[in-house]
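All of the numbers you see were taken from the coordinates with simple rules; none came from a lab. For clarity, every value in this text was computed on a predicted model and none was experimentally measured. Note: ideal-geometry Cβ built from the backbone for every residue, glycine included; neighbour counts use all protein chains shown.
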Amino acid sequence: MKQEFHSPDERASILSVAINQSPDALAGFWEELEVELELDEENPEEQQIAKSSTLTIERDEQVTLEPPPGLPDAKPRYVQGVVIGKQACLVTNLLKQESMTLRQPQMVWTIGRNRSAALPLQDRKLSRRHAVILYRQDGFHFIDLNSMNGSYINGTRVQQRQRLQDGDCICVGSTRFFFFVSGQERVTEALHPEVLARLNNEETRNGEFINFSELNEEISFNLNKAD
């Protein structure tokens, strides 16, 4: 019998322990973790995809490093890990074709067809609980949860926990995306108040361009360089 964890706090506590185990143990944990989802009558197609069987990928269909098929002007699909202090979050456009920020208390994001996943993807070749991205002090890591079709990073199948690098190409199921990491920040110098005033001026904003040549030569664009 599967053990049921109805309390979010109870699930979070067990998850914190499970993520430090092997991929096999972590996959087994998800099998025991039964998450009851309410019927979404407004989106039966999404529910059907989430509950359907995983489609097997033929070996010759496996990962290439080419971008996903689509129109020439199609948006690149990505997940970006952002670190601010001791906290981390993900920014991605995989869910609704527009960028959104995903925050998770334990900094662990699940990927799969299951609608309770942090990144629930409507991909029939994706397992319900396919993989996990997690953040630790040394960076972002990727773990495959013994998925049927496997996970690939830069064309190589993931066999164990792997630390993600900036620009990695990841394939889960038939979904391909790039992973970027932003662990550093740089504060740029402030503009001179007169320059800022011109940029914020409504008349200037509605014009075709801003002619900065009218500014006096002694005005610096940077306060730190101003005389």
Original post:
Of all the strands (runs of 3 or more DSSP E) wholly in the stretch 87-190, which have at least 2 residues that are surrounded by 13 or more Cβ atoms within 10 Å (Cβ to Cβ)?
Top reply: 87-92, 108-112, 131-136, 139-144, 151-153, 168-172, 175-182
Subject >> Counted residues, the stretch 121-151 - those being within 15 Å of the chain's Cα centre (by Cα) and either over 25 Å from GLY167 (Cβ atoms) or acidic (Asp, Glu) (or both) >> reply: 0
